[in-house]
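Throughout, read-outs are computed from the coordinates displayed, never taken from laboratory work. Source: prediction; values computed, not measured. Methodologically, a virtual Cβ is constructed for each residue, glycine included, from the backbone with ideal geometry; neighbour enumeration extends over all protein chains shown.
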Amino acid sequence: MGVYDRLEALLRSLGFKKTELRIYRLLLEVSRPMRITEIQRELDISERSVREHVLNLYRKGILKRRLIEKGWLGYVYTAASPEEVLERVKKSVLESIAELEREIKGEETGQAS
């Protein structure tokens, strides 16, 4: 199993959707900025679905976007590197663990009173 397959397996275990992973893999493989319509044509899924998944990936830091103006105004998207994705995932998991630990300690303190 290659590193990209293992990264996808990790992301899937963290709740990333199959279509999100297809979009990330596509952008990683083409290694050039793509518009929503280009992603839609390449993967043959609805534009609405692509927009939704791309926005989710962008918010999670898995995709990067850049505003362009070429007779029209819009965004193009690129994939964050596997190293960047892994770092973001690690940071997010550690923050979730720390938050949960604080909640547990707060409950234990509350129960002891």
*From the backbone phi of segment 69-74, what are the Karplus-calculated ³J(HN,Hα) couplings (6.51 cos²θ - 1.76 cosθ + 1.60, θ = phi - 60°) in whole Hz, Gly and Pro given as x?*
9, 9, x, 8, 10, x
*trypsin sites (Lys or Arg not before Pro) within segment 48-113: DSSP coil, no more than 16 neighbouring Cβ in 10 Å*: 70
_0 to 90° range, to nearest 10: angle between helix 18-30 axis and the chain longest Cα axis_ = 50
*So which aspartates and glutamates pass the test for residue 105, namely a Cα distance under 18 Å, with those fewer than 8 places away in the same chain ruled out?*
95
*Report the far tail of the P(r) of segment 3-112, meaning the percent of Cα-Cα pairs longer than 25 Å.*
32
*Within straight cross-link reach of residue 17, meaning Cα distance under 22 Å, which lysines are found once same-chain residues fewer than 8 apart are removed?*
60, 64, 90, 91
